[in-house]
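S.K.: The structure under discussion is supplied below as structure tokens; questions concerning it will follow.
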């Protein structure tokens with residue numbers, strides 16, 4: 001005798017949204033509230049589909065894959081960029097919250113939730129997003145790169161070009177000509193590729209006005225990226241690679257270099273020397289009046305004698321270790337990514353007494369280690 005299947009009624013939700021409607025032809029904006037009944041598993045994109053199918057067919061938005069792959073459905077919920085297909089509604093509804101949905105920021109609105117992506121794509125194209133391998137004829141055999149080499153651009157290769165990072169970029173809001181987090185992350189994708197032969201040429205281009213050093217380091221792009229690309233980290237890698245190759249003509253590069261020099265020599269930032277070292281002596285003289293005002297209020301320490309941190313040897317030792325390991329440029333940031341991955345996945349430390357394989361060259365950052373049997377080495381070969 002078999003057990004009868006238990007059938008339950010599907011659970012539904014009463015979902016309410018407020019959507020900013022916009023018509024670029026007239027410039028009219030209107031905040032419209034919608035209420036629909038939907039299954040309890042719906043995403044924001046599902047709710048928009050129900051509204052369009054059953055309530056208002058004029059509502060405009062973009063979608064395609066519905067699986068967090070194509071990046072088409074980027075929009076803002078309560079002022080923060082999200083992928084509509086990734087945003088579950090159940091918890092929001094149960095909390096009694098009515099979210100406000102609007103188009104992404106920093107891009108011209110065409111209609112409702114649809115933005116013009118041309119400014120986005122023009123900056124991506126400015127990165128020359130293709131390999132420049134330097135040979136006229138392809139090699140006779142396949143050019144294979146090791147996983148260790150590709151780890152440098154593991155995160156950058158995850159980008160789906162959704163534009164969520166661009167939507168939240170403070171620098172782009174103040175300077176629309178700024179290349180932006182998505183484009184610069186794409187630039188790092190090729191600067192860090194071991195097959196690329198024009199790294200210096202690329203870095204010089206990315207160091208021009210509106211480039212790498214115009215980032216304000218607000219980290220909103222990292223916060224809003226739905227795929228873990230962390231564009232700000234990619235920009236930091238580009239800056240580190242630039243300094244490694246001696247490309248330091250931008251004031252931002254000079255500023256970063258002095259931070260390192262100051263921390264290495266005295267263990268802290270010598271602010272009185274920051275302006276002359278970064279902007280030059282002439283600029284420092286022009287700001288003398290401002291500096292004297294700060295001095296009178298105790299905001300600027302006397303430059304002499306220089307204050308040296310009590311344990312400055314630790315800062316110097318850290319600098320020397322990085323140099324000895326050859327982790328200049330982006331490699332230092334990659335090492336940090338791998339360390340953070342171990343913190344994020346503490347339960348995946350590995351089978352052999354906590355000795356995991358995430359640091360092995362053939363394992364990507366953040367990837368759980370493979371559980372192996374005793375007597376098997378990290379590459380899967382039997383050992384005695």
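We did not get these values from a lab; they are worked out from the coordinates using the rules stated. Predicted, not measured: the structure shown is a model, and the values here were computed from it. Glycine also receives a Cβ, built like all others from the backbone with ideal geometry; neighbour counts cover every protein chain displayed.
S.K.: Average projected area of the Cα convex hull of segment 13-116, in nm²?
M.R.: On the way: hull surface 24.9 nm².
So the mean shadow area of the Cα hull is 6.2 nm².
S.K.: To the nearest 0.05, what FRET efficiency results for residue 292 and residue 261 with a Förster distance of 22 Å applied to their C-beta separation?
M.R.: 0.30
S.K.: Taking the 0 to 90 degree range and rounding to the nearest ten, how far is the long axis of helix 181-191 tilted relative to the main principal axis of the chain, both from C-alpha atoms?
M.R.: Between helix and principal axis, roughly 60 degrees.
S.K.: Still on this structure, please answer the following. What does DSSP give for the chain in terms of the percent of beta bridges that are antiparallel, rounded to the nearest 5?
M.R.: Just about 90 percent of them are antiparallel.
S.K.: Order 77-87, 321-331 from most to least packed using the mean count of other Cβ atoms within 10 Å. Intermediate results must be reported in sequence, preceding the final value.
M.R.: Working: 77-87: 18.9, 321-331: 14.0.
For the peptides 77-87, 321-331, the packing ranking is 77-87, 321-331.
S.K.: Here's a follow-up. Would you mind checking the tilt of helix 312-325 against the longest principal axis of the Cα atoms of the chain, expressed as 0 to 90 degrees and rounded to 10?
M.R.: Its long axis makes an angle of about 70 degrees.
S.K.: Here is a further query. Expressed in nm to one decimal, what extension gain is obtained for the pair residue 11 and residue 80 from 0.36 nm per residue of sequence separation less their Cα-Cα distance? Provide the component values of the computation, followed by the final result.
M.R.: Numbers: separation 69, 0.36 × 69 = 24.84 nm, distance 2.85 nm.
Stretched fully, the residue 11-residue 80 segment lengthens by 22.0 nm.
S.K.: Okay, moving on. Write down the Å³ per residue value for the convex hull defined by the alpha carbon atoms of the chain. Please report the intermediate quantities before stating the final value.
M.R.: Values: hull volume 109.4 nm³, N = 384.
Per-residue hull volume (Cα only) is 285 Å³.
S.K.: Using 0.36 nm per residue, how much length does the chain from residue 66 to residue 327 gain when fully extended, once their Cα-Cα distance is taken away? Numbers along the way, then the final one.
M.R.: Working: separation 261, 0.36 × 261 = 93.96 nm, distance 4.00 nm.
Once the chain is fully extended between residue 66 and residue 327, it gains 90.0 nm.
S.K.: Given R₀ = 45 Å, what would the calculated FRET efficiency be for residue 177 paired with residue 312, taking r from the Cβ atoms and rounding to 0.05? All intermediate terms of the calculation are to be shown ahead of the outcome.
M.R.: Numbers: r = 41 Å, r/R0 = 0.91.
The formula returns an efficiency of 0.65 here.
S.K.: Still on this structure, please answer the following. Can you tell me the order of 260-273, 122-135, 223-236, 204-217 when each peptide is scored by its average per-residue count of other Cβ atoms within 10 angstrom, highest first?
M.R.: On the way: 260-273: 15.6, 122-135: 14.1, 223-236: 22.1, 204-217: 18.1.
Descending mean neighbour count gives 223-236, 204-217, 260-273, 122-135.
S.K.: Figure the gain on full extension for residue 268 and residue 249 (residue separation times 0.36 nm, minus the Cα-Cα span) and round it to one decimal in nm. Intermediate values should be presented prior to the final figure.
M.R.: Values: separation 19, 0.36 × 19 = 6.84 nm, distance 2.39 nm.
Length gained, residue 268 through residue 249: 4.4 nm.
S.K.: Evaluate the distance, in nm, between pseudo-label points positioned 7 Å from the Cα of residue 218 and of residue 150 along their respective Cα→Cβ axes.
M.R.: Here the answer is 3.5 nm between the modelled labels.
S.K.: For the residue pair residue 319 and residue 58, what label-to-label distance in nm results when each label sits 7 Å from Cα along the Cα-to-beta-carbon direction?
M.R.: If labels sit at residue 319 and residue 58, their model points lie 6.5 nm apart.
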